[in-house]
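To keep things clear, I will list the structure first and then write my remarks on it.
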Amino acid sequence: MSVAGIIAEYNPFHSGHEFLMNQARLIAGDDPIICVMSGNYVQRGEMAILDKWSRAKAAVEAGADLVVELPFSYAVEAADLFATGGVEVLSKLGAEHLVFGVEDANLNFEYFGQKIAQTPRQREEFADYSQTYSTQYNQMVAREVGHEVSEPNAILGLAYAVANANLGSPLTLSPVTRVGAGHDDILQREEVVQSASAIRNLLLKGDTKEDLTQWLPKGEISALAAQKVFPNWDLLFPLLKYRLESASLKELQQIYQMSEGLEYKLKAEIHLAQNFSEFLRHVKSKRYTYSRLRRLCLYTLLNVTEDDVYGSFDHASTLLLAYSKRGRKYLKKQRKDFAIEIVSKVDRKKAQEGTLGLQVRTDRLFEQVIGVDQNFGRRPIEVN
């Protein structure tokens, strides 16, 4: 078999993702394409613009055969852990190829991954507080492989390669050169492919002048219209403010990734901040990226502790969100051989367990924002 795997957020699913899906189909042929997708929270420390079920459905309608949820403990993480979680789930589901978009597919990601995986990391190598960890890591990569890897998708592609190498290289890496606008580009109307961030900005601004059908599938546009409320940090900021001002320093110290006295800085800056962007600017230092700080704010808002995260790293199960006829046949034939449980229904018992337990708990806030249950009473979506 030539089962192809994709690790994604689809926030939202757009024409660039469809292009990558078509490239994956060339590799998979008649075999399935499996997508491991972030749920209702994404890597940059935000709520997804659209709920996980609608995004999963859009992916299957575009050619995916199985869409399963990447656990929260990996989805809201830096690139290395995000990649590790995705690669591990895909390998446990029988995927053989990892298809991912990068700025330059000619780079030898397999070599880069093997090289960095074998490079010992000295703690003092990343102890320069005048630079972020990411900057220092990129400098180490350039030194070790003889090539600067600084573009957003290339950095993530390298993380996939390192994770794959660390896991014994269960997947064949298949990078694809991206088309259209770049990862964080502003809206470029002449481009067939827009960046997901540009599309999100349009939605959050309520700009109805743009015809999104040129960049998003019709089904997803309908889902966005039906959702009505688009989650964002401006909406959540009053909740974060209350949480930070009401929690004690001792409570905040238990939050995942609350390190180096950040709890003092957060408490000192939250009271006078008028909005989330202003708050982040005041908290920002050369040591931390904005993504790192947004993730910390999300952990704080959701009261996610170190025990919560480390207790859900078991990867014993993953939630099935959507599937095609080909995906259903694959499940029926291969399910008994998977090294991970595929959950089709969340019941009260599973909602108390590690991976799913954290997902159900954190999804409660998303449910409050959009007004739709995200786990109980939901069944995987079959797309014919």
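A compact table of results
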quantity	calculated
Most mobile of A322, A223, A64 in a GNM of the chain (Cα contacts under 10 Å)	A223
Mean Cα-pair separation over length for region 64-170, i.e. relative contact order, pairs under 8 Å, 6 or more apart, %	39 percent
Length released on extending from D30 to Q274, taking residue separation times 0.36 nm less the Cα-Cα span	82.5 nm
Rg to Rh quotient for region 289-384, alpha carbon positions, Kirkwood Rh	1.03
C-alpha center-to-center spacing [region 227-248, region 290-335] in angstrom	22 Å
Most mobile listed residue (V60, V343, V99) in the chain, GNM with C-alpha springs under 10 Å	V343
Signed unit charges on C-beta, dipole axis of region 25-93, positive-most listed residue W53, A28, S91	W53
Percent RCO, i.e. relative contact order, over the chain, from Cα pairs under 8 Å lying at least 6 residues apart	23 percent
Principal axis dimensions, largest first and in whole angstrom, of region 198-241 by Cα	38, 18, 13
Charged-residue dipole, Cβ positions (Lys, Arg, Asp, Glu), the chain about Cα centre, Debye nearest 20	960 debye
Residue list for region 302-342, given a label point 7 angstrom along the Cα-to-Cβ vector of R364 and an amide N cut-off under 16 Å	302-305, 308-309
Gain on full stretching of the segment that runs from E144 to K332 - 0.36 nm per residue minus C-alpha separation	63.2 nm
Tail weight of P(r) past 17 Å, computed on alpha-carbon pairs of region 1-110, percent	51 percent
A117-I381 FRET efficiency (beta carbon distance; Förster radius 41 Å; 0.05 resolution)	0.65
With eigenvalues of the C-alpha gyration tensor scaled by 5 and rooted, the chain, Å	30, 26, 22
Reduced Cα scattering model of region 54-151, Debye log10 I(q)/I(0), q = 0.13, 0.20, 0.22, 0.24 Å⁻¹	-0.63, -1.22, -1.34, -1.43
Estimated [θ] at 222 nm from DSSP helical runs (n ≥ 4, -39500 (n - 2.57)) normalised by residues in the chain, nearest 500	-14000 deg cm²/dmol
Cα-based Rg of region 241-345 normalised by 2.2 N^0.38 Å, two decimals	1.53
Dimensionless Rg/Rh of region 221-291 - Kirkwood Rh, Rg from C-alpha atoms	1.07
Amide H contacts of V176 (H built 1.01 Å from N, under 5 Å, at least 5 apart or other chain)	F100, G101, V102
Reachable lysines, given that their alpha-carbon falls under 27 Å from the alpha-carbon of K241 and they are not under 8 places away in the same chain	K52, K205, K228, K250, K265, K267, K284, K286
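FYI, it's all coordinate maths here, none of it is from the lab. All figures in this text were calculated on a predicted structure; none of them were measured in a lab. Note: ideal-geometry Cβ built from the backbone for every residue, glycine included; neighbour counts use all protein chains shown.
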